[in-house]
Structure formats: structure tokens, C-alpha cells
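The values are calculated or read from the model by the stated rules, or taken from the named source; none is laboratory data. What you are looking at is a predicted structure, and each value in this text was computed from that prediction instead of being measured. Please note: Cβ atoms are built from the backbone with ideal geometry, for glycine as well, and neighbour counts cover all protein chains shown.
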């Protein structure tokens, strides 16, 4: 369970961040993504629009499984199985929160995360330097989070533009549940109406092109072909689970390699 606390030099002076797995994302079947990630997400995951926020405004999301409560990109031992890990996961265990008293955003850290260290070790990144000032690592985290938040807001504006032009329609995906019966998954899921997009008059297409919303719409449509890859990833996931049951010495290093995209950059 997460427990985000505002970063405090007195409370967290000796603390740091160490290597950790991505089991925190193992039950997330979709993740918010932004326009800056389109080129990395497109070859890996199908994208759609889904109301993640309380005001029910659709957000651009990447689908990570066709079973609610499952993330097929997370291996049984917590490794990331995809070629690209979304920025929303690379910010873990940090987030920006609004401080009403200071009327601004402050950095918070999840002190329940396996990555959080109460005492900095040899392989850990310190949160503060010896003088009690934020470390270079912490400064980079803040800058990255600000970039992510800024791009998320811009992406949100583009999605609203598509919605206002009535280009987003229900996407009824069917998948087989564990019971064996096929059913509609993710009620409320939306995708771009390709036919309506083709019929838009030139002035509206030009408007979408200038804002970047057209590129987002086209990327979402092209990404739908990744549904087949998602199914293949599910089969791989099931095979790994079966092998884990049979042996305690499964060499996942050989399967996944050493590629780690956890650096703080898009």
C-alpha cells in the first residue's frame, strides 16, 4: 500500500532510493501516457482513451492486458517485459502534489515502496547531499516530474479537442474471462472513429494537424494492431508462470537481458 509523504530534509536526510522491481504495477491493466511517448508506446502497446479522472474526461492510456486487474508486462518476479516502460512508472516512487499552504507543487515520496531506503546504501541514490540540500538525483526527479505533468496537461488538451469534434466513440473490446466466457472489457473505453476522421472538412483537419491532435488520433488508430501482440505476451506470461511453478532456478536474466529503461528521461 502506498504512503506518499512530502519530502522533508529533516525527516529524509539519511534516506535514498535503491533498485526495485515493478510489482507495484502488476495489477494495472492500463496506464496513462502522453504525446511525448507516442513513438515509444506505438510499437509496444495498443492505446485508447479512458476516463481515469473524477470529471470523466478521457485520458490517453496504453492497454497492458485484456484482463482487468492484470498487467502482462510485469513478470512474476517483478521485471518489466516490454521494450518501453511508460513515464508514469519511471517516476515511481515519487509524485508531485499540490501544497495548499505554499500554493504550489511539492515533491512526495512513497516510503512504503520497496525502492525507498531509510538509510542510503552503496547502490542507492541519496535524496539529500551532505549539506542537507536536495541531491542532483532529487533535482532530476523534480525536473522529470514537471516535464511529465506539463506534457500530460498538453495531451489532455489534445484529447479534449478530439472529443469536442465527436471523434471519440465507444470501443467494445471482447476478451475471454477466466471463467471461459467472452465478455466486454473496460466499459467506457473509447477510440478514434476513423470514418468520422476521414470525413472531417479541411479546416478542421488543419486545426487538428497544427495542434498535434491529428498525430495523436492517427497513433491511436495504428496502435490498435498491437492487440495481437498483447495476446502473444499473455501466452508468454502464462508459460513463465508455469515454468516458475516447476522450478526455482528459472533464469529470467537470459529471457529479459539487462536492458533497463529506468533512466529519468523520455
By residue number, the members of the stretch 39-69 that are closer than 23 Å to residue 184 by Cβ, part of a loop (DSSP other than H, G, I, E, B) and within 14 Å of the chain's Cα centre (by Cα) are 45, 46, 52, 64, 65
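Here is a yes/no grid of residues against (1) at negative phi; (2) free of Cβ contacts under 8 Å to residues at least 40 places away in the same chain; (3) crowded, with 17+ Cβ neighbours inside 10 Å:
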residue: 98; (1), (2), (3): yes, yes, no
residue: 108; (1), (2), (3): yes, no, yes
residue: 112; (1), (2), (3): yes, no, no
residue: 124; (1), (2), (3): yes, no, yes
residue: 127; (1), (2), (3): yes, no, yes
residue: 130; (1), (2), (3): yes, yes, no
residue: 136; (1), (2), (3): yes, yes, no
Identify, please: which residue in the stretch 10-22 is outside any loop (DSSP other than H, G, I, E, B) and in contact (Cβ under 8 Å) with a residue 60 or more places away in the chain and is, among those, farthest from residue 47 (Cα to Cα)?
12
(1) part of a strand (DSSP E or B); (2) surrounded by 14 or more Cβ atoms within 10 Å (Cβ to Cβ); (3) without any contact (Cβ under 8 Å) to a residue 60 or more places away in the chain: which one isn't true of residue 175, the others all being true?
(3)
For residue 36, indicate whether it is in a loop (DSSP other than H, G, I, E, B), touching a residue at least 12 places away in the same chain (Cβ under 8 Å) and within 13 Å of the chain's Cα centre (by Cα).
no
Please enumerate the residues belonging to the stretch 74-106 that are in a loop (DSSP other than H, G, I, E, B) and under 16 Å from residue 4 (Cβ atoms).
91, 92, 93, 100
In the stretch 1-33, residues that are touching a helix residue (DSSP H, G or I) at 6+ places or on another chain (Cβ under 8 Å), farther than 25 Å from residue 120 by Cβ and surrounded by fewer than 18 Cβ atoms within 10 Å (Cβ to Cβ) total 0
Residue under question is residue 164, and the condition is that it be in contact with a strand residue (DSSP E or B) (Cβ under 9 Å, 6 or more places away or on another chain) and more than 30 Å from residue 234 (Cβ to Cβ); does it hold?
no
Identity of the residue in the stretch 209-231, without any contact (Cβ under 8 Å) to a residue 40 or more places away in the chain, surrounded by fewer than 16 Cβ atoms within 10 Å (Cβ to Cβ) and more than 15 Å from residue 48 (Cβ to Cβ), that ends up nearest to the chain's Cα centre (by Cα):
228
Here the residues within the stretch 204-217 that are under 12 Å from residue 158 (Cβ atoms) and in a helix (DSSP H, G or I) are 207, 208, 209, 210, 211, 213, 214, 215, 216, 217
Here are 180, 188: which of them is in contact with a strand residue (DSSP E or B) (Cβ under 7 Å, 6 or more places away or on another chain) and either at pLDDT below 95 or in a helix (DSSP H, G or I) (or both)?
188
What's the number of the only condition in (1) within 18 Å of the chain's Cα centre (by Cα); (2) modelled with pLDDT of 95 or more that residue 165 fails to meet?
(1)
Test result for residue 7, in contact with a strand residue (DSSP E or B) (Cβ under 6 Å, 6 or more places away or on another chain), farther than 23 Å from residue 147 by Cβ and in contact (Cβ under 8 Å) with a residue 60 or more places away in the chain:
no
Taking the criterion of being at pLDDT below 95 and over 18 Å from residue 73 (Cα atoms), would at least one residue in the stretch 227-246 satisfy it?
yes
Could you identify the single residue in 190, 197 that is crowded, with 18+ Cβ neighbours inside 10 Å, touching a residue at least 12 places away in the same chain (Cβ under 8 Å), at negative phi and over 25 Å from the mean Cα position of the chain (by Cα)?
197
